[in-house]
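The values are calculated or read from the model by the stated rules, or taken from the named source; none is laboratory data. Quantities reported herein were computed from a predicted structural model and do not represent experimental measurements. Methodologically, a virtual Cβ is constructed for each residue, glycine included, from the backbone with ideal geometry; neighbour enumeration extends over all protein chains shown. Accessible surface areas use protein heavy atoms only, side chains included; no ligands, DNA or RNA. Shrake-Rupley method; radii C 1.70, N 1.55, O 1.52, S 1.80 Å.
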Amino acid sequence: MILQALNDLHSRLIAEEKTYKIAPDGFSVQKITFLVVLDPGSETWSIMDFQDRSGKKPRSKTLLVPGKGKPPGSGITPCFLWDNTGYLLGYKKDDPKPERSVETFEASRAYHLGLEKEISDDGFSLLCRCFENWSPEQASEYPDLNEVATGFGIFQIRGETEFLHNRAPIQKWWSNQMESSETAAEMGICLITGELRPIAELHEPKIKGVKDAQGAGALIVSYNADAYESFGKKSGMNGPVSEGAAQRYSKSLNALLATDKHRIQVGDATTVFWTEKPTASEDCLKQWFEGAAEKDQSAQDKALLQSMENAVRRLSEGGSPENILEDDPKTRFFILGLTGQAGGRIGVRFWHQSTLGEFMEKLAQHHADLKIERQWGDGAKRPDPEFPKIWQLLRQTGRESKDVPPNLAGTLMRSILDGTPYPQLLANAVVNRIRADREINYLRAAILKGWLTRLPNAKHTIPMTYDKTKPDPSYRLGALFAVLEKTQQDALGDINAGIRDRFYASASATPASVFPRLLRTYQHHLSKASSQNKGYQIYREREVQSILAEPEPLPEFPSHLNLRDQGLFAIGFYHKRTDLWRKKDSPESKEPDPETTN
Amino acid sequence: MAYGIKLHVWGEYACFTRPEMKAERVSYDVMTPSAARGILEAIYWKPQFSWKIDRIHVLSPIRWTSIRRNEVKSKASIANSKKAINGADIDLGIQVESARQQRASLLLRDVAYGIEAHIEIRDYRFEKSGSKLSETECVGKHLSCFQRRAESGGHFHQPYFGTREFPVSFKWIDQSDEFPESTLEAKDREKDLGFMLHDLDFVENPKGKIIESNRGRRLDAQPRFYRAFIDNAGVIDVNHCLETSFSQTAL
């Protein structure tokens, strides 16, 4: 399905040539750094730098050239009308083996001279004369050559604007060549198109741009060791794909990876997504998944993000995709996650195809499940995000970015796309982080809420703000802990190690051994805090009472809480603490009980 | 099918490896007829007949998981084995440290399928030394043998879902009974799965790399693909899909 979807995508990308530089069959896109200019008069050539010098560093220009790509390996393989300096000029920068460069030059020369009769074009004939008149020693006359030696070069006749390989007779000859050379390969039924076609041995062009994979290009379909071959078949025959289909899917994937709006990084998986037709949602999605910090966003980005947020908000409130999305919700939507594997191959981490409507619904469901009261609202310096991004969620699982478990991203992405329970690893990691650094922030509370909501057999729903009718003991204990912490703070002010630093981990795991002690010290804090304000004591006592007694009396402190209960504890703590802090910001900041103060 | 069987199979994991993604395994969405045939052959098979898969019922939602495993990149060498048989002092083992490869796999999770199949007789003698029987007698004998084994759990080797490390639990379903209700999600019903591997066709080829063990013929394994389609009830009608595979225009 994956290769088939990419194959289908090819025709769409070809049609949008402004955005995607896709090479048609038999051609490829290469980085050109130098130009060899042919002089019709003297039948010699000179070399010019072709790089783009407008930026800080000179950059190569990418152009369409005939041929699939420079074949790897140690054989001598001249390319048609483009090549590196070794083949075209017989010279390489800091050459370890000058004789080989001479050999490659001679091979290239022989190759082009041999074709002179077949290609009856005076431009090509001029090229052959220049080839004959050049010898590798002449390269020393061009000191600039060292700068351009890492790229490829093409030909141009002095005075003409088009490149040699773009001249019409040459293009025509090349296309004819391509059709006849296809039949040299073994025939078989292509598993993408179902047609009887010559089967590709190697799938070119290689896929570039997957993180942790080979920079020069890696393959998804490869059989580069004995263990991967079956039934005595060699390389490409193990998974028969026709030459044409192989080129098309590779080019589509390369184009997606090269285009910024289609590509995001989810943990260690380089992810691409696309819709079968161009859609407005496709443009927004990158901002949604990976958006830059507020201040770095351009106005256009902000507008896209806004429209996306509105869509998700309305979907999570129960709207239907038909009315909300600008695009047709039945447009097919694809998302593919790739990782670089050992052995120079690319592995598929996840693959999902559905319709745009379904995808948006799943996204809205994900955010609805995570939704919890924000600790820092819109007025604060750094407000909590209303729609947390995936990387923000993942970042909560480790102390530093590199501590985040690498495969968690793929699993989390899959659970968002499928609407299935969030990975337990995620909840586990977050609870461990909370115990380690005693910080329960908005994102961590949201993750735990989402995980608990999606657990199979979830009995009670998790509210968005503090709910005193929720009977779960662990939730109430978390709230109680928040109250005890607040009391200590009111009594002693800011101290180095409050009860949260000392006791949170043990309180959330083994309440029975910790809470009695905490309640004893709470009494002392209470009397100290209410020394100025009698109403405070009554108010606080009433609060603690309501937690312990409502909605039903807490029978005893549980001796041990499991992962699910520890999550509830954290959420209860977060809810109550946000609640307490909010009250403090309001005018009645001393919290006197209105009933006692007459 | 008048003389067919129904078998309910399920398991925790499955990997019906796509041939094009073999090094880093990616599974097909559903079971291939080739894998279904493998399960039936593990329970009961003789060279006198061959299994033909009629229908595959997809009974559980399609769920995925991804794992990485350390494997080796080389296979046992036939040439070396021959030399060793002839007495040469050759080490036939694989040095793991130099041959290690980490391979990722994208697998299916919690799978359940219903297989409907029938048999085609190739040799009408029930046993090699027996006499020829009529079609109905022959088919009846083989199928009742299969039924006994399926009901009691007998098998030649553990049936597996695509690769041997994912075992299959199976249950005999009577022809008059139905499979359990399919919990396949709505978005996966009425779905065109594209070209999937149907099975391998072993054709005779003097230059083939596969040698038939009983007759010594040289064979070549040619994959056959078909365009699979899951209907609204979660059923893949294999025969129908085979017939209509190539009449549609590709893509």
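Peptides A:473-485, B:50-62, A:203-215 ordered by packing proxy, namely the average of other Cβ atoms within 10 Å per residue, highest first: A:473-485, B:50-62, A:203-215.
How much net charge surrounds B:Asn232 when only the other residues with a Cβ under 15 Å from the Cβ of B:Asn232 are counted, with Lys and Arg +1 and Asp and Glu -1? Walk me through the numbers on the way to the answer.
Working: positive: B:Arg55, B:Lys187, B:Arg189, B:Lys191; negative: B:Glu181, B:Glu185, B:Asp188, B:Glu190, B:Asp192, B:Asp231, B:Asp237.
The answer is -3.
With one equal scatterer per alpha carbon and no solvent term, the Debye-computed log10 I(q)/I(0) for region A:14-79 at 0.13, 0.23, 0.24 1/Å reads -0.56, -1.08, -1.09. Comparing each chain alone with all protein chains together (probe 1.4 Å, DNA, RNA and ligands left out), the residues of region B:9-25 losing at least 50 Å² of accessible area are B:Glu20, B:Met21, B:Lys22, B:Ala23, B:Glu24. For chain A, the mean residue ellipticity at 222 nm estimated from helices alone is -14000 deg cm²/dmol, where every DSSP H run of n ≥ 4 contributes -39500 (n - 2.57) and the total is divided by all residues, rounded to the nearest 500. Restricting the calculation to Cα atoms, chain B shows an Rg/Rh of 1.00 when the hydrodynamic-style radius is the Kirkwood one.
Roll a 1.4 Å probe over the protein chains and send me the accessible area per residue for chain B in Å².
Numbers: 12840 Å² over 251 residues.
Ligands and nucleic acids excluded, the figure is 51 Å² per residue.
When the other protein chains are added to the chain by itself, burial of at least 40 square angstrom of heavy-atom accessible area (probe 1.4 Å, ligands and nucleic acids ignored) affects these residues of region A:228-255: A:Tyr228, A:Phe231, A:Lys233.
Restricting region A:248-287 to trypsin sites (Lys or Arg not before Pro) that sit in a DSSP loop and have at most 12 other Cβ atoms within 10 Å of their own Cβ leaves nothing.
Give the Rg/Rh ratio for region A:435-474, taking Rg as the radius of gyration of the Cα atoms and Rh as the Kirkwood radius, to two decimals. Ratio of gyration radius to Kirkwood radius: 0.98.
For region A:81-236, state the average projected area of the convex hull of the C-alpha atoms over all orientations, rounded to one decimal in nm².
Mean shadow area of the hull around the Cα atoms is 13.4 nm².
Taking only the alpha carbons of the protein assembly as shown, we obtain Rg and Dmax values of 34.1, 110 Å in that order. For the protein assembly as shown, the share of accessible area belonging to carbon and sulfur comes to 49 percent (1.4 Å probe, ligands and nucleic acids excluded). Interface residues of region A:404-443, defined as those losing at least 20 Å² of solvent-accessible heavy-atom surface relative to the isolated chain (probe radius 1.4 Å), are listed as A:Arg414, A:Asp418, A:Thr420.
Do any trypsin sites (Lys or Arg not before Pro) in region B:161-232 lie in a DSSP loop with no more than 16 other beta carbon atoms within 10 Å, and if so, which?
Details: sites: B:Arg164, B:Lys171, B:Lys187, B:Arg189, B:Lys191, B:Lys207, B:Lys209, B:Arg215, B:Arg217, B:Arg218, B:Arg224, B:Arg227; in loops: B:Arg164, B:Arg189, B:Lys207, B:Lys209, B:Arg215, B:Arg217.
Sparse-neighbourhood loop trypsin sites (Lys or Arg not before Pro): B:Arg164, B:Arg189, B:Lys207, B:Lys209, B:Arg215, B:Arg217.
Note on region A:466-558: Rg/Rh from C-alpha atoms, Kirkwood Rh, equals 0.96.
Hey, what's chain A come to in accessible area per residue, 1.4 Å probe, Å²? Write down the numbers at each step before the final one.
Details: 27390 Å² over 598 residues.
For chain A, the solvent-accessible area averages 46 Å² per residue.
Annotation: aspartates and glutamates with alpha-carbon distance below 18 angstrom to B:Lys6 (same-chain offsets under eight excluded): B:Glu41, B:Asp54, B:Glu116, B:Glu120, B:Glu151, B:Asp174, B:Asp177, B:Glu178, B:Glu181, B:Asp237. Around the amide H of A:Gly67, modelled in the peptide plane, lie the amide H atoms of A:Phe27, A:Ser28, all under 5 Å away and 5 or more residues distant in sequence or on another chain. For A:Lys172, the lysines whose Cα falls under 28 Å of its own Cα, not counting residues fewer than eight places away in the same chain, are A:Lys18, A:Lys21, A:Lys31, A:Lys61, A:Lys68, A:Lys70, A:Lys117, A:Lys206, A:Lys251.
Suppose a student asked you for the relative contact order of chain A, using Cα pairs under 8 Å spaced at least 6 residues apart; what percent would you report?
Working: 932 pairs, mean separation 57.9, N = 598.
Normalised by residue count, the contact order of chain A is 10 percent.
Using the Cα centre of the protein assembly as shown as the reference point, and only Cβ charges (+1 on K/R, -1 on D/E), how large is the resulting charge dipole? Debye, rounded to the nearest 20. Each step should come with its number before you reach the end.
Values: 114 positive and 115 negative charges, 487 e Å.
Charge dipole, the protein assembly as shown, about its Cα centre: 2340 debye, nearest 20.
The lysines whose alpha-carbon is closer than 19 Å to the alpha-carbon of A:Lys371, local same-chain residues fewer than 8 away aside, are A:Lys362, A:Lys389, A:Lys449, A:Lys459, A:Lys468, A:Lys470, A:Lys576.
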